[in-house]
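K.L.:
Sending over a structure as structure tokens; questions will come in a sec.
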Amino acid sequence: MQSIELVSEHACHGGFQAFYRHDSRVIGLPMRFSVFRPPQAKPGSGPALIYLAGLTCTEETFAMKAGAQRIAAELGMLLISPDTSPRDTGIKDEAADWEFGSGAGFYVNATREPWTKFFRMEDYIVHELREIVINYFHVAPRRLGIFGHSMGGHGALILALRHQDVFRSVSALAPIAAPSQCAWGRKAFAGYFGDDEETWRAHDASALMRRSRRPFPEGILVDQGLGDKFLQSQLLLEEFEEACKVADQPLELRRHAGYDHGYYFVSSFVQDHLRFHAERLCASCSPHG
């Protein structure tokens, strides 16, 4: 079993909010992640949910700002949140742009130099972090869901669509829903993949959904604030909504007047997402996955 190091642990709603680091074999550098363990957690019995954060965030952001632990404690749900990219890679200007590089891994495996050596966030989450969750925290493999916010909402949607055998449930808050068509996504994809836009579309939730057929029949939940300044320029939720219609994918897309893009919005609706996943992760699964 891979070794992980406990950095800190804090009593929280009867359970524990903990922060870990480990030497990642996928990334080739130390990585960090957070875990909330509910008070009633028993090996192999409870659901687990991976949360992917947005641009500039770290493994601490969700734990500190979303206020999700109270509901997770009630539901007996394990919450895991990784850092948003490798850090201190030695790549020139890796932290010079908040929209690309450090803190902006976009949850993909880069294929363009110099990023390809370290920026392998898709493999990190789907394989290495998942193995840690299953083996170290004793989670049943088929009780694992994924959700995220903004860049992390993009990450949750594409990883769920690209790895339907790994994630049983998926949801998102204000996701970058068509990154190959917006400035944030085009900058990241050009940097990580080069100019081949067909490669971009393989990591675009709307494009992936259009190629699918009802991949999550139990539904996808998406929440979006209508006061979000990025809604029209960067998020492009209508593209994903239309793609779901093409794919016959059940989608609950909820629009909320007055809410912006930040964690006041996330904290207002995160409990609905935890309950959404709990219903799917706890239904029709045996304790052994």
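The values are calculated or read from the model by the stated rules, or taken from the named source; none is laboratory data. Keep in mind that what you see is a predicted model, and the values were worked out from it rather than measured. Cβ coordinates were reconstructed from backbone atoms using ideal geometry, including for glycine residues, and neighbour counts include every protein chain displayed. Accessible surface areas use protein heavy atoms only, side chains included; no ligands, DNA or RNA. Shrake-Rupley method; radii C 1.70, N 1.55, O 1.52, S 1.80 Å.
K.L.:
Hey, F33 hits all of (1) open to solvent by 10 Å² or more (accessible area, probe 1.4 Å); (2) under 15 Å from the mean Cα position of the chain (by Cα) but one; which does it fall short on?
P.N.:
Tallying (1) open to solvent by 10 Å² or more (accessible area, probe 1.4 Å); (2) under 15 Å from the mean Cα position of the chain (by Cα), F33 fails exactly one: (1).
K.L.:
Another question about this same structure. For A11, state whether it is open to solvent by less than 10 Å² (accessible area, probe 1.4 Å), more than 22 Å from M151 (Cβ to Cβ), hydrophobic (A, V, I, L, M, F, W, C) and modelled with pLDDT of 95 or more.
P.N.:
On the way: open to solvent by less than 10 Å² (accessible area, probe 1.4 Å): no; more than 22 Å from M151 (Cβ to Cβ): yes; hydrophobic (A, V, I, L, M, F, W, C): yes; modelled with pLDDT of 95 or more: yes.
The answer is no for A11.
K.L.:
Going through the range 247-276 one residue at a time, which ones are out of contact with any Gly (no Cβ under 6 Å at 6 or more places or on another chain) and of a type in the set (S, T, Y)?
P.N.:
Hits for the range 247-276 are Y263, Y264, S268.
K.L.:
Turning to a different aspect of this structure: Residues being surrounded by fewer than 24 Cβ atoms within 10 Å (Cβ to Cβ), among the hydrophobic types (A, V, I, L, M, F, W, C) and either in contact with a strand residue (DSSP E or B) (Cβ under 8 Å, 6 or more places away or on another chain) or within 20 Å of D83 (Cβ to Cβ) (or both): count how many of those fall in the range 132-160.
P.N.:
Number of matching residues: 5.
K.L.:
Any residue at all in the range 203-212 that is open to solvent by less than 10 Å² (accessible area, probe 1.4 Å), in a helix (DSSP H, G or I), in contact with a Leu (Cβ under 8 Å, 6 or more places away or on another chain) and without any contact (Cβ under 8 Å) to a residue 40 or more places away in the chain? Walk me through it before giving the result.
P.N.:
First, pick out the residues of the range 203-212 that are open to solvent by less than 10 Å² (accessible area, probe 1.4 Å): 204-206, 209.
Then drop every residue that is not in a helix (DSSP H, G or I), which leaves 205-206, 209.
Then keep just the ones that are in contact with a Leu (Cβ under 8 Å, 6 or more places away or on another chain); that gives 205-206, 209.
This time we only want the ones that are without any contact (Cβ under 8 Å) to a residue 40 or more places away in the chain, so: 206.
Within the range 203-212, one or more residues are open to solvent by less than 10 Å² (accessible area, probe 1.4 Å), in a helix (DSSP H, G or I), in contact with a Leu (Cβ under 8 Å, 6 or more places away or on another chain) and without any contact (Cβ under 8 Å) to a residue 40 or more places away in the chain.
K.L.:
Taking the range 14-30 as the region of interest, how many residues are surrounded by 16 or more Cβ atoms within 10 Å (Cβ to Cβ) and within 22 Å of the chain's Cα centre (by Cα)? Before the answer, list the steps.
P.N.:
Quick first cut of the range 14-30, residues surrounded by 16 or more Cβ atoms within 10 Å (Cβ to Cβ) only: 15-20, 22, 24, 26-27.
Right, trim to within 22 Å of the chain's Cα centre (by Cα) and you get 16-20, 22, 24, 26-27.
Of the residues in that region, 9 qualify.
K.L.:
Within the set of pairs 6+ apart or on separate chains, which have a first residue in the range 84-113 that is free of Cβ contacts under 8 Å to residues at least 40 places away in the same chain and part of a loop (DSSP other than H, G, I, E, B), a second that is of a type in the set (K, R) and open to solvent by 20 Å² or more (accessible area, probe 1.4 Å), and C-beta atoms under 9 Å apart?
P.N.:
That search, which allows pairs on different chains as well, returns I91/K117; E94/R87; A95/R87; S102/R87; G105/R120.
K.L.:
Of T58, T84, which residue is open to solvent by 10 Å² or more (accessible area, probe 1.4 Å), hydroxyl-bearing (S, T, Y) and modelled with pLDDT of 95 or more?
P.N.:
Details: T84 fails: open to solvent by 10 Å² or more (accessible area, probe 1.4 Å).
Residue meeting the stated conditions: T58.
K.L.:
Which residues, taken from the range 116-174, are hydroxyl-bearing (S, T, Y) and either within 17 Å of M77 (Cβ to Cβ) or in a helix (DSSP H, G or I) (or both)? Please lay out each step first, then the result.
P.N.:
At the first step, the residues of the range 116-174 found to be hydroxyl-bearing (S, T, Y) are 116, 124, 136, 150, 169, 171.
Result: T116, Y124, Y136, S169, S171.
K.L.:
One residue is enough: does the range 189-197 have a residue meeting the conditions closer than 16 Å to E99 by Cα, hydroxyl-bearing (S, T, Y) and open to solvent by less than 10 Å² (accessible area, probe 1.4 Å)?
P.N.:
yes
K.L.:
Six or more apart or on different chains, Cβ under 8 Å: which pairs go from a residue in the range 115-135 that's under 21 Å from L55 (Cβ atoms) to one that's among the aromatic types (F, W, Y) and outside any helix (DSSP H, G or I)? Could you list them?
P.N.:
M121/F106; M121/Y107; E122/Y107; I125/Y107; L129/F33
K.L.:
Does the range 59-76 contain at least one residue that is under 22 Å from L274 (Cβ atoms), among the polar types (S, T, N, Q) and outside any helix (DSSP H, G or I)?
P.N.:
The initial filter retains those residues of the range 59-76 that are under 22 Å from L274 (Cβ atoms), namely 59-76.
Then keep just the ones that are among the polar types (S, T, N, Q); that gives 61, 69.
Okay, now just the ones that are also outside any helix (DSSP H, G or I), so none.
No: the range 59-76 contains no residue that is under 22 Å from L274 (Cβ atoms), among the polar types (S, T, N, Q) and outside any helix (DSSP H, G or I).
K.L.:
Inside the range 225-262, can you point out the residues that are open to solvent by 40 Å² or more (accessible area, probe 1.4 Å), touching a strand residue (DSSP E or B) at 6+ places or on another chain (Cβ under 6 Å) and outside any loop (DSSP other than H, G, I, E, B)?
P.N.:
Within the range 225-262, E241, L251, E252, R254, R255 qualify.
K.L.:
Out of (1) within 20 Å of the chain's Cα centre (by Cα); (2) free of Cβ contacts under 8 Å to residues at least 40 places away in the same chain; (3) open to solvent by less than 50 Å² (accessible area, probe 1.4 Å), the odd one out for M64 is which?
P.N.:
(3)
K.L.:
Only one of these conditions is not met by L274: (1) open to solvent by 20 Å² or more (accessible area, probe 1.4 Å); (2) touching a helix residue (DSSP H, G or I) at 6+ places or on another chain (Cβ under 6 Å); (3) at pLDDT 95 or above. Which number is it?
P.N.:
Of (1) open to solvent by 20 Å² or more (accessible area, probe 1.4 Å); (2) touching a helix residue (DSSP H, G or I) at 6+ places or on another chain (Cβ under 6 Å); (3) at pLDDT 95 or above, only one is false for L274: (1).
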